[in-house]
Structure formats: structure tokens, C-alpha cells
1. Quick one: count up the residues across the stretch 130-156 that are open to solvent by less than 30 Å² (accessible area, probe 1.4 Å) and either under 14 Å from LEU79 (Cα atoms) or away from the ligand (no atom under 16 Å from the Cβ) (or both).
2. Tell me the residue from VAL77, VAL21, VAL52 that is open to solvent by less than 40 Å² (accessible area, probe 1.4 Å), modelled with pLDDT of 95 or more and closer than 14 Å to LEU132 by Cβ, please.
3. Just wondering, is there one or more residues in the stretch 36-43 that are open to solvent by 70 Å² or more (accessible area, probe 1.4 Å) and either among the basic types (Lys, Arg) or within 15 Å of the ligand (Cβ to nearest atom) (or both)?
Amino acid sequence: MPLLEILKYPETRLSEPSLSVTEIDGDLQQQIDRMMGTLYASDGLGLAAPQVGDLRAFFIYDLSPSEEVAQKEKGPVVLINPEIIEMEGSKVEDEGCLSIPGYFEKVKRAYRIQVKGLDREGKELRIEREGLCARLIQHEIDHLNGVLMLSRISSLKRGMFIRKFKKQKRKATSK
Ligand code: CO
């Protein structure tokens, strides 16, 4: 199965909100499998459909490489039309994104969340997660709303990132 191309910042499609999934069909299943393959071939923990140019509201994750989360939370998990119904506490931790390779920055997120959605069979799913897993789910749901982690950091840090990004781009094109 061929890998999908992961869109990178500043691709404008990453800023578009996705649409509710209305049909859980073979096409969606195939896309989920392709995204799983793409995720495993990359260095990431989660991948939202808009990151591969698909504006359907779903994401996948697999926290198997992580020691921080309990076995039952590791995944792989598919969450379709996810909705956060409860948030609790907050924590600031380093975060990265496959669409902004090599960039890590501290982001404040709710510590514990309750989220509902559908699994890949279309069954209703309601889960409560904390720590890394809760952080990842909030990050992926942001992608479904066209929001990158850059919108979650201070304007000062964002400005630094953009300046550095433009400088690197200039360097790359002048070579
Ligand atoms: Co991301």
C-alpha cells in the first residue's frame, strides 16, 4: 500500500476545517489503512486526515512506542467525528507535529479530557484520557478544525518560528 504524502506547514489546506464523516464505507476504511501505514512509516504518534489532504473529520493514533501511557490506551485507535465533552486541569509539555517536522515547543493543554466519537466500525465511543494521550487527542482535534499547534503558543514564539522558517527557506532556495 503506497504511503500518503503528509502536508507540511505552510500548506494552506492545513488551515481548513474538516467536515463530519457521514459514511463509514470501504473508501474510509481504505484511507484509514493508508494513514496507519503512513503513520508507522513516520516518526509520529498521531495523524489527522487533513494532514494528508483529506477533509473528513477523523484521526488515528498509536501510542505503542510510548512508555507513559497505560497498555489499554496505546492503540491503534481511530476516532471519527470526535468531540471533547469534558476538560479538566492543564499542563504545559513539549509537543511536535508531523506537519512541522523538527519543531518542538511547549503547549498548554487540558490534562484530562472526555471525548466521544465513532470507532472505525461506526460504533459510538466515549473515552476518558489524561496526560500524553489527552494531549495527543486535543492536538489531532485541532487539526480537524484547521488549527496548528503554532496557534497555541505565544505570538513571540510564533514570530520566532516564522522568522526561522523563512530564513531556512531562503537558504534552501539560494543553494
Ligand atoms: Co500535528
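The values are calculated or read from the model by the stated rules, or taken from the named source; none is laboratory data. Note that the structure is a prediction, hence the values are computed from the model and not measured. Positions of Cβ are backbone-derived with ideal geometry, glycine not excepted, and every protein chain shown enters the neighbour counts. Keep in mind that these areas ignore ligands, DNA and RNA; they rest on the heavy atoms of the full protein, side chains included. Shrake-Rupley method; radii C 1.70, N 1.55, O 1.52, S 1.80 Å.
1. 12
2. Numbers: VAL21 fails: closer than 14 Å to LEU132 by Cβ; VAL52 fails: closer than 14 Å to LEU132 by Cβ.
Just one listed residue meets the conditions, VAL77.
3. Checked the stretch 36-43: at least one residue is open to solvent by 70 Å² or more (accessible area, probe 1.4 Å) and either among the basic types (Lys, Arg) or within 15 Å of the ligand (Cβ to nearest atom) (or both).
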